[in-house]
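These notes are about the structure you will find just below.
The values are calculated or read from the model by the stated rules, or taken from the named source; none is laboratory data. Given the structure is predicted, the values throughout are model-derived calculations rather than measurements. We place every Cβ from the backbone using ideal geometry, glycine too, and count neighbours over all the protein chains shown.
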C-alpha cells in the first residue's frame with residue numbers, strides 16, 4: 001500500500017514541481033535545548049548523546065523546552081521542519097527502522113526503542129525532480145503517535161475528536177485499518193494538520209503538512 005501511495009503522490013508532486021522549480025528549502029529549527037531520551041527512543045548507541053541520536057521519548061522528561069514537543073500546524077513537529085532536507089532528520093534521529101522509496105519519494109519510520117509496537121515518527125520526503133536542487137529530498141509530511149507532542153492548544157494523541165473540533169475544522173480525507181479496527185483521518189487543510197481518530201473517538205496520530213497542500217494531505221503514511 002505504501003509503495004502504491006508513494007508512486008501516486010510522486011506523480012502529483014512532480015507535476016507541480018515542473019511549474020515551480022525555484023522553491024527554496026528552509027533549515028531545521030535551531031535550538032540549544034535538545035531533549036535527553038531517557039527511554040532510548042531512536043538511540044543506536046546508548047552511550048552516544050549527540051543530537052542526531054535524540055528525539056521525543058515516551059515518558060515524562062523534566063526541563064524540556066516547549067518547542068521540543070510542539071506541534072505547529074503547517075510547519076513542524078518538534079525539531080522536524082517541513083521543507084527541510086530529510087538528511088537533517090536522519091542526522092538527528094539516526095538510521096530509520098524502516099523505509100520505502102519510489103519515484104523520487106521516500107517514507108521513513110522510527111519506532112520508540114526500535115520496537116514496532118511502540119510510538120512511531122514517520123516522515124515523507126520528496127525530490128524536486130528536474131530542478132537544480134534535485135539531489136535534495138524535502139520533508140513534505142510528518143506523523144507522530146507519541147502523546148508527548150501537543151499543539152499550543154494542548155491537542156495531540158489522546159485528545160477526543162469532540163475537543164479537536166472546537167479548534168480545527170475537520171474534513172474526512174482518508175482511512176486505514178489497524179489491529180483494533182478502522183481509523184478515520186480528518187484534516188484541517190487550511191491550517192495544515194490532520195488527526196487520525198480510532199473507533200473510540202480519540203486521536204491516535206497527528207500529521208503535519210503544508211497548508212492547502214491537498215496532495216500531501218491525502219497521502220497514506222501507513
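Tell me, yes or no, whether the range 175-187 has at least one residue that is surrounded by 17 or more Cβ atoms within 10 Å (Cβ to Cβ) and in a loop (DSSP other than H, G, I, E, B).
Of the range 175-187, the ones surrounded by 17 or more Cβ atoms within 10 Å (Cβ to Cβ) are 183-187.
Checking the rest, the ones that are also in a loop (DSSP other than H, G, I, E, B) come to none.
No, the conditions are met nowhere in the range 175-187.
For the structure I just gave you, tell me whether residue 104 is surrounded by fewer than 17 Cβ atoms within 10 Å (Cβ to Cβ) and in contact (Cβ under 8 Å) with a residue 12 or more places away in the chain. Steps first, please.
Values: surrounded by fewer than 17 Cβ atoms within 10 Å (Cβ to Cβ): no; in contact (Cβ under 8 Å) with a residue 12 or more places away in the chain: yes.
So residue 104 does not fit the description; no.
With respect to residue 135, is the statement that it is more than 17 Å from the chain's Cα centre (by Cα), assigned to a loop (DSSP other than H, G, I, E, B) and either within 20 Å of residue 204 (Cβ to Cβ) or modelled with pLDDT of 90 or more (or both) true? Steps first, answer last, please.
Working: more than 17 Å from the chain's Cα centre (by Cα): yes; assigned to a loop (DSSP other than H, G, I, E, B): yes; either within 20 Å of residue 204 (Cβ to Cβ) or modelled with pLDDT of 90 or more (or both): yes.
When the stated conditions are applied, residue 135 passes them.
Would you mind telling me which numbered condition in (1) farther than 19 Å from residue 146 by Cβ; (2) part of a helix (DSSP H, G or I); (3) modelled with pLDDT of 95 or more residue 163 fails?
Every listed condition holds for residue 163 apart from (1).
Mind telling me which of the residues 194, 146 ends up being closer than 19 Å to residue 77 by Cβ and in a strand (DSSP E or B)? Please lay out each step first, then the result.
Values: 146 fails: in a strand (DSSP E or B).
194 is the lone residue from the list that is closer than 19 Å to residue 77 by Cβ and in a strand (DSSP E or B).
Filtering the range 107-132 down to residues that are in a loop (DSSP other than H, G, I, E, B) and surrounded by 16 or more Cβ atoms within 10 Å (Cβ to Cβ), which residue is modelled with the lowest pLDDT? Show your work before the answer.
Our first condition is that a residue be in a loop (DSSP other than H, G, I, E, B); within the range 107-132, this holds for 115-119, 128-132.
Next, from what is left, pick out any that are surrounded by 16 or more Cβ atoms within 10 Å (Cβ to Cβ): 118-119, 128.
Details: 118: 91, 119: 96, 128: 85.
Applying the filter and picking the extreme gives 128.
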